[in-house]
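Beneath this line is the structure, given in structure tokens, with notes to follow.
The values are calculated or read from the model by the stated rules, or taken from the named source; none is laboratory data. None of the values given here were measured: they were computed from a predicted structure. Every residue, glycine among them, receives a Cβ derived from its backbone with ideal geometry; neighbour counts consider all protein chains shown.
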Amino acid sequence: MTTDALDLTRQEEFAGRMVQVLNDSCLGYLCSLGHRTRLFDTMAELPPSTSAEIATATGLDERYVREWLGGMTVGGIVEYAPGDGTYRLPPEHAASLTRGAGPDNMASFLQDLALIGIVEDEVLEAFQKGGGVPYTSYPRFQELQAEETARVYDAALVDAIVPLVPGLPERLRAGIGCLDIGTGQGHAVNLLARAFPQSRFHGLDMSETGIAAARAEAERMELHNVRFDVGDTAEMSGTYDLITAFDVIHDLARPAETLSAVSGALRDDGTFLMGDIDASSRLEENVGHVLGPTLYTFSVFYCMTVSLGEGGAGLGTVWGRQTARRMLAEAGFSDVVERHVEGDVLNVYFVARK
């Protein structure tokens with residue numbers, strides 16, 4: 001293409017956008033550090049302070065804190081007063097950056113940037129040769145996933161997500177048998193077991209480290225109505241009144257087989273509650289999605305590639321509502337309703353019955 005054929009205004013606008021992408025990507029890494037070091041949490045409680053005062057309050061090295069604050073200042077996240085050399089985290093910004101923000105804490109999500117950066121060379125090789133990246137290549141995945149989902153579950157699981165199924169809170173209080181598949185570190189199961197002591201809960205996951213963490217938390221919470229096992233969700237046994245799967249089906253190597261196993265393990269009057277990504281199976285309908293680029297990035301760098309790495313289906317993060325409903329129907333679920341939790345732009349919950 002010759003220079004004369006270019007729309008120079010459009011070219012300049014796009015170049016500016018790419019500069020912003022670069023700057024924001026770098027800020028994402030700094031925000032990850034701000035979360036992990038608890039700098040954001042500490043600054044939210046401090047008056048305007050110098051870098052030395054902030055370093056003392058956090059127990060961190062001042063020189064690193066000062067340089068980090070520089071990036072936060074030019075990035076518009078922290079306010080700087082040059083007259084007295086103090087820094088301030090505005091409360092309006094803290095509302096999206098601190099642990100106290102709960103599900104609204106975006107800094108926690110930004111830890112994933114470093115995680116996916118670790119596997120870039122392996123993902124590149126998969127682009128060239130096919131296949132995928134093994135789960136073992138992600139050293140902090142269980143930890144990050146547990147932290148991210150805990151923020152949602154602590155705030156909404158018992159009071160907002162469970163009531164999406166009509167009559168379910170009452171059944172849980174009376175006592176039913178429940179299974180959570182792909183349970184990870186089991187925090188959701190433990191929260192439910194504590195909230196509904198008359199019900200019996202079982203968590204299943206392929207990760208031995210995740211199951212060990214789940215058992216340890218259950219012991220700390222002194223729960224006696226929950227158990228956790230290492231196992232393949234596509235080969236589950238037993239029968240249950242409620243089966244849950246939170247943000248897991250699209251990651252699996254054998255999602256169709258797992259959904260069929262769920263259908264087979266569910267009692268006739270039982271319910272399958274499946275939480276997953278709220279997106280369309282049609283690419284054109286995801287243009288403008290508030291988290292669209294993030295979802296496809298996570299798919300390339302984790303969800304899709306891990307499934308393909310196991311010789312699996314590789315559904316990807318953005319498998320979408322239409323594909324989910326089709327696969328649920330193929331697994332034997334004739335009654336499927338989509339429900340949402342107010343304020344949650346990431347997830348859709350499928351209430352499925354046979």
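Against the test of being out of contact with any Cys (no Cβ under 8 Å at 6 or more places or on another chain), of a type outside the set (S, T, N, Q) and without any contact (Cβ under 8 Å) to a residue 40 or more places away in the chain, the options Gly314, Gly292, Gly309 yield a single qualifying residue, Gly292.
Answer yes or no as to whether His93 is part of a helix (DSSP H, G or I), closer than 30 Å to Phe141 by Cβ and either among the acidic types (Asp, Glu) or touching a Ser or Thr at 6+ places or on another chain (Cβ under 7 Å) (or both). Please lay out each step first, then the result.
Working: part of a helix (DSSP H, G or I): yes; closer than 30 Å to Phe141 by Cβ: yes; either among the acidic types (Asp, Glu) or touching a Ser or Thr at 6+ places or on another chain (Cβ under 7 Å) (or both): no.
Considered against the rule, which asks whether it is part of a helix (DSSP H, G or I), closer than 30 Å to Phe141 by Cβ and either among the acidic types (Asp, Glu) or touching a Ser or Thr at 6+ places or on another chain (Cβ under 7 Å) (or both), His93 comes out as no.
Please verify whether Leu179 is closer than 24 Å to Pro255 by Cβ, in a strand (DSSP E or B) and in contact (Cβ under 8 Å) with a residue 24 or more places away in the chain, treating the condition exactly as stated. The answer is yes for Leu179.
This table checks each residue for (1) within 29 Å of Cys303 (Cα to Cα); (2) among the small types (Gly, Ala, Ser); (3) under 28 Å from the mean Cα position of the chain (by Cα).
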site: Tyr29; (1), (2), (3): yes, no, yes
site: Ser32; (1), (2), (3): yes, yes, yes
site: Thr42; (1), (2), (3): no, no, yes
site: Thr86; (1), (2), (3): no, no, no
site: His93; (1), (2), (3): no, no, yes
site: Gly100; (1), (2), (3): yes, yes, yes
site: Ile116; (1), (2), (3): yes, no, yes
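In summary, helices (runs of 4 or more DSSP H) completely within the stretch 229-346 and bearing 1 or more residues that are touching a strand residue (DSSP E or B) at 6+ places or on another chain (Cβ under 9 Å), under 24 Å from Gly117 (Cβ atoms) and not small (Gly, Ala, Ser) occur at 292-298.
Rundown of residues vs (1) of a type in the set (Ser, Thr, Tyr); (2) within 22 Å of the chain's Cα centre (by Cα); (3) surrounded by fewer than 17 Cβ atoms within 10 Å (Cβ to Cβ), yes/no style:
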{"site": "Asp121", "(1), (2), (3)": "no, no, yes"}
{"site": "Arg140", "(1), (2), (3)": "no, yes, yes"}
{"site": "Arg151", "(1), (2), (3)": "no, yes, no"}
{"site": "Pro166", "(1), (2), (3)": "no, no, yes"}
{"site": "Pro169", "(1), (2), (3)": "no, no, yes"}
{"site": "Arg173", "(1), (2), (3)": "no, no, yes"}
{"site": "Asn190", "(1), (2), (3)": "no, yes, no"}
{"site": "Leu204", "(1), (2), (3)": "no, yes, no"}
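Of all residues in the stretch 194-218, those satisfying the criterion of being in a helix (DSSP H, G or I), in contact (Cβ under 8 Å) with a residue 24 or more places away in the chain and closer than 20 Å to Glu147 by Cβ are Arg194, Thr209, Gly210, Ile211, Ala213, Ala214, Arg215, Glu217, Ala218.
Checked against (1) under 28 Å from Arg36 (Cα atoms); (2) in contact with a Gly (Cβ under 7 Å, 6 or more places away or on another chain); (3) modelled with pLDDT of 95 or more; (4) of a type outside the set (Phe, Trp, Tyr), Arg151 passes all but condition (3).
Answer with yes or no whether Ala44 is over 30 Å from Val306 (Cα atoms), in a helix (DSSP H, G or I), among the hydrophobic types (A, V, I, L, M, F, W, C) and in contact with a helix residue (DSSP H, G or I) (Cβ under 9 Å, 6 or more places away or on another chain). Talk me through it step by step, then tell me what you get.
Numbers: over 30 Å from Val306 (Cα atoms): yes; in a helix (DSSP H, G or I): yes; among the hydrophobic types (A, V, I, L, M, F, W, C): yes; in contact with a helix residue (DSSP H, G or I) (Cβ under 9 Å, 6 or more places away or on another chain): yes.
Yes: the conditions hold for Ala44.
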